[in-house]
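Since the structure comes first, as structure tokens, the remarks are kept for the end.
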């Protein structure tokens, strides 16, 4: 099955004090690390951003939110709407260490579900999950009815949760799912990057 990889490059990066997608690890911006990895492993790679001018120099294919200003639910909606393929792996722009074998594992489990979502520390990880275009009506309904809390979409989706113990076969889940969203995380990411990049 062909998969679209979608990088969500929204958010205000308020904790980082600058655009976290442009934080540098091993000499490369986090966004470029993710873009290169996605382009190597997916049949299509798209970026969702309402500031496309930031990412054009990377050669990224960029789409904006159809419902701008409504947060990550709108980002996932735009990713699914604009994706060429039915299966879409959606990930935030601040996660440089995602294991692509783990993504294949998620895809293998999609089957009749709307989405497959990892769980870490008893919290769902919706910004590193695999979605089907079958999610679009639910996401559209949430956006049009001001239901914008991301975790709430799973109340209406037929989803499969992948527990932490299954994620661990691909490495340390806390590193794989690390968000480089503040200075402390950036320093740690720079320290461990050699194991992943």
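The values are calculated or read from the model by the stated rules, or taken from the named source; none is laboratory data. Here the structure is a predicted model, which is why all the values come from computation and not from measurement. Neighbour counts run over all protein chains shown; Cβ positions are idealised from the backbone, glycine included.
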message: Among the residues in the stretch 22-31, are any within 24 Å of residue 186 (Cα to Cα), at pLDDT below 95 and assigned to a helix (DSSP H, G or I)?
response: yes
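Going through the stretch 117-131 one residue at a time, which ones are more than 17 Å from residue 8 (Cβ to Cβ) and either in a helix (DSSP H, G or I) or touching a strand residue (DSSP E or B) at 6+ places or on another chain (Cβ under 8 Å) (or both)?
119
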task: Please enumerate the residues belonging to the stretch 100-116 that are in contact with a helix residue (DSSP H, G or I) (Cβ under 7 Å, 6 or more places away or on another chain) and either surrounded by fewer than 18 Cβ atoms within 10 Å (Cβ to Cβ) or assigned to a strand (DSSP E or B) (or both).
output: 100, 101, 115, 116
message: I'd like to verify a number: residues in the stretch 150-173 that are under 17 Å from residue 91 (Cα atoms), in a helix (DSSP H, G or I) and out of contact with any helix residue (DSSP H, G or I) (no Cβ under 7 Å at 6 or more places or on another chain), how many?
response: 2
task: Could you tell me whether any residue of the stretch 154-162 is in contact (Cβ under 8 Å) with a residue 24 or more places away in the chain, exposed (fewer than 15 other Cβ atoms within 10 Å of the Cβ) and farther than 29 Å from residue 39 by Cβ?
output: yes
- prompt: Among (1) buried (at least 20 other Cβ atoms within 10 Å of the Cβ); (2) touching a residue at least 60 places away in the same chain (Cβ under 8 Å); (3) in contact with a helix residue (DSSP H, G or I) (Cβ under 6 Å, 6 or more places away or on another chain), which single condition is residue 75 missing?
  reply: (3)
